[in-house]
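The values are calculated or read from the model by the stated rules, or taken from the named source; none is laboratory data. These numbers come from a predicted model, not from an experiment. Cβ coordinates were reconstructed from backbone atoms using ideal geometry, including for glycine residues, and neighbour counts include every protein chain displayed. Note: areas computed on protein heavy atoms with side chains; ligands, DNA, RNA excluded. Shrake-Rupley method; radii C 1.70, N 1.55, O 1.52, S 1.80 Å.
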Amino acid sequence: MSLSSLTKPWAATSYGFLDASAKRELRRKMLKAIAVPGCQMPYASREVPMARGWGTGGLQVTLTLVNPASTVKVIDQGADDGVNAASIRRFISRVSGASETWDTLGASIIQSRHRVPEETLREDQILVLQVPNPEPLRGVEPNMSIARQMHADADYGRLWLTLYEQLVRKGRIMQGAAYPSLVNGRHVMTPSPIPRWDVPKLNMAKHLTFLSAGREKRLHAVPPYTKVEPLVFSDRPYRVEDHQQLVCRRSGIAGYFMNEIPQDDGSSSFEVSDSNLGIKAIRRAEGETVDIGQTWYRGGEFSA
Amino acid sequence: MSIDMSVSPAPLLPPQLMQTEALLTMRGLSRSYGAVRALRNVDVTVYPGEVMGVVGESGSGKSTLLRMMNLEDTPDRGDYRLRLPDRDDCNLFDLGRYQRRMLCAHHIGIVYQNPHLGLLMRHSSSGNVAERLLIAGERSFDVLRSKARDALDASEFPLARMDARPAELSGGMQQRVQLAKAIALEPALLLLDEPTTGLDVSVQALVLDTLKRLQRDRHITMVLVSHDLGVIRTMADRVLVMRHGEVVEQGLADQVFQDPQHPYTQQLVHAKL
């Protein structure tokens, strides 16, 4: 008995893997999430051929959005060539007939784990972020019913208090990723574990962003041209990571979010986290004609 | 000894309050928990700047009454009004949850008998005070620090320990942090639920001194619930005696303690003496 005889042939599965009722439910929840920016919508997270916690939330949203005309890009911590990213991209393409790409500019749907691409996204693009924990209040209120009530009352005092405590104890805000942010002046969301560097990219962005957590069975959205404001005290400005001066050791570009590569001698070198941007820069340096889009950060400063 | 429950003399006021409009008015408050009637048709009036003491045995409805004043619970029937400069006169029990929360954050402070109910033990003492300011909308870190420091100082809390966690503090210090949190926004009404119970006598005296000084300097209106008649006698201008969910007697503190009318009050005062 072989494995192929035990598995269902691809032709027997629904288009886009999920059945029609699952996609209908997700579409309804996605529309609701767009209607109430930043508000978490519960949904019946389905089984997909991937373990929970590996991007099943993002995958379900992508499978609901995808069609044969779509071009899908999947990144994992900024890289297109990670095993998880490559597997998800191939799977989406296989069950939907959508094209695959590494190029941010050519993608219509970008599914991402923990990064927003450096190139500015357009109105016709959708960013789907995989979210491990969609609840910003989890750290201050473990009871989900009470947390829901706190969202309803916009009761974010204790969230602010954790930031106050970090300033008191450490002299600076220690929240490195998943920085709590106020969406449309109403709901506080956790923008998935994207670095602080990426949070300003969501503010008044042209593209639509979905943030979906398959294990937690909830999704929320940031519609185009919506305010996303990180929670900061009026006299302690929001600070992104100090990557402005770092130079990518492979592509030579600077002023973007970098991955730190520890060296044997104890020092560190850096590579640009958005691997597609790095590859484009290398190819351009080699004399190829490569289209690099406008980036959110220019010279290390946010300028969108 | 049989107790006649029918006696309920008319409330008396100190002369300076005779012409004053009440700050807090509760009328016809009733609340049952299953078969237990915690409050039965209770009427309470509190005037600006006074300390109203509420006494009674355990289970008499004192804490239920205080929870109602803090809008933590809703009665089966009854009316609750607070005369505040920026608010329309309305029954506060008709407000939604959000409005209640904001009203309490701005205008009502509370000190619980158990500090765990009023404090976040994992956060700093100054953070506990700052939380109240954050709920009220303050977003400047420097202002939060300075207001928290002022409130803790007013509560006679040692400022060198303002960033210590309440879990690391003594019971008396925890009560001072609660007090600082309660007065941080200069509330119109300060509710004190057995604030000195469980403290030794010397610490009790210090906490009461702080409360008296706050009342004298800031003219904060207080409702003090206690079953310790000594505490009530020290602090209160007027006293309300409760039994089985009913108000059996109320009047000026001196009068109630020196010439109690209701047999239960007589029993209470003599038991104390």
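Identify, by number, the condition in (1) under 29 Å from A:G185 (Cα atoms); (2) open to solvent by 20 Å² or more (accessible area, probe 1.4 Å); (3) away from chain B (no Cβ under 14 Å) that A:V131 doesn't meet.
Single failed check for A:V131: (2).
B:R149 versus (1) in a loop (DSSP other than H, G, I, E, B); (2) surrounded by fewer than 18 Cβ atoms within 10 Å (Cβ to Cβ): which is the lone unmet condition?
For B:R149, the failing item is (1).
Out of B:R40, B:R100, report the one residue that is within 14 Å of chain A (Cβ to nearest Cβ), open to solvent by 10 Å² or more (accessible area, probe 1.4 Å), over 30 Å from A:R169 (Cα atoms) and among the charged types (D, E, K, R).
The match here is B:R100.
Tell me whether segment A:258-268 contains one or more residues that are under 30 Å from B:S140 (Cβ atoms) and either open to solvent by 50 Å² or more (accessible area, probe 1.4 Å) or among the basic types (K, R) (or both).
No, segment A:258-268 contains no residue that is under 30 Å from B:S140 (Cβ atoms) and either open to solvent by 50 Å² or more (accessible area, probe 1.4 Å) or among the basic types (K, R) (or both).
Can you find a residue in segment B:62-72 that is over 13 Å from the mean Cα position of the chain (by Cα) and open to solvent by less than 40 Å² (accessible area, probe 1.4 Å)?
Scanning segment B:62-72 turns up no residue that is over 13 Å from the mean Cα position of the chain (by Cα) and open to solvent by less than 40 Å² (accessible area, probe 1.4 Å).
How about segment B:103-154: which of its residues are more than 23 Å from B:E194 (Cβ to Cβ), more than 9 Å from chain A (Cβ to nearest Cβ) and touching an Asp or Glu at 6+ places or on another chain (Cβ under 8 Å)?
B:K147
With the condition being hydrophobic (A, V, I, L, M, F, W, C) and without any contact (Cβ under 8 Å) to a residue 60 or more places away in the chain, I'd like the strands (runs of 3 or more DSSP E) fully within segment B:31-125 carrying at least 2 qualifying residues.
Qualifying strands (runs of 3 or more DSSP E): none found.
Report the residue count in segment A:290-304 for those that are touching a residue at least 24 places away in the same chain (Cβ under 8 Å) and of a type in the set (S, T, Y).
So the answer is 2.
Just to be sure before I move on: is B:Y80 in contact with a Phe, Trp or Tyr (Cβ under 7 Å, 6 or more places away or on another chain) and over 14 Å from B:L190 (Cα atoms) in the structure I sent?
In short, yes.
Could you grab the pairs with beta carbons closer than 7 Å, sequence gap of 6+ or different chains, first residue in segment A:217-245 and more than 14 Å from chain B (Cβ to nearest Cβ), second one acidic (D, E) and assigned to a loop (DSSP other than H, G, I, E, B)?
Partner pairs satisfying both residue conditions: A:P224/A:E123.
What's the total number of residues in segment A:219-249 that are out of contact with any Pro (no Cβ under 9 Å at 6 or more places or on another chain), under 28 Å from B:V143 (Cβ atoms) and open to solvent by less than 50 Å² (accessible area, probe 1.4 Å)?
Total meeting the criteria: 3.
Within segment B:259-273, can one find any residue that is in contact with a Ser or Thr (Cβ under 9 Å, 6 or more places away or on another chain) and aliphatic (A, V, I, L, M)?
no
Given the residues B:Q250, B:Q261, B:Q175, which is the only one that is in contact with a strand residue (DSSP E or B) (Cβ under 9 Å, 6 or more places away or on another chain), open to solvent by 40 Å² or more (accessible area, probe 1.4 Å) and of a type in the set (S, T, N, Q)?
So the residue among B:Q250, B:Q261, B:Q175 that is in contact with a strand residue (DSSP E or B) (Cβ under 9 Å, 6 or more places away or on another chain), open to solvent by 40 Å² or more (accessible area, probe 1.4 Å) and of a type in the set (S, T, N, Q) is B:Q261.
Scan segment A:188-210 residue by residue and report those that are touching a helix residue (DSSP H, G or I) at 6+ places or on another chain (Cβ under 8 Å) and away from chain B (no Cβ under 14 Å).
A:P191, A:L208, A:T209, A:F210
Return the total of residues in segment A:149-176 being farther than 18 Å from B:L133 by Cβ, open to solvent by less than 40 Å² (accessible area, probe 1.4 Å) and facing another protein chain (nearest Cβ under 9 Å).
Number satisfying all stated conditions: 0.
Could you tell me which numbered condition B:L169 fails, if it satisfies all but one of (1) over 20 Å from the mean Cα position of the chain (by Cα); (2) open to solvent by 20 Å² or more (accessible area, probe 1.4 Å); (3) more than 11 Å from every other protein chain (Cβ to nearest Cβ)?
In the conditions (1) over 20 Å from the mean Cα position of the chain (by Cα); (2) open to solvent by 20 Å² or more (accessible area, probe 1.4 Å); (3) more than 11 Å from every other protein chain (Cβ to nearest Cβ), B:L169 misses (2) alone.
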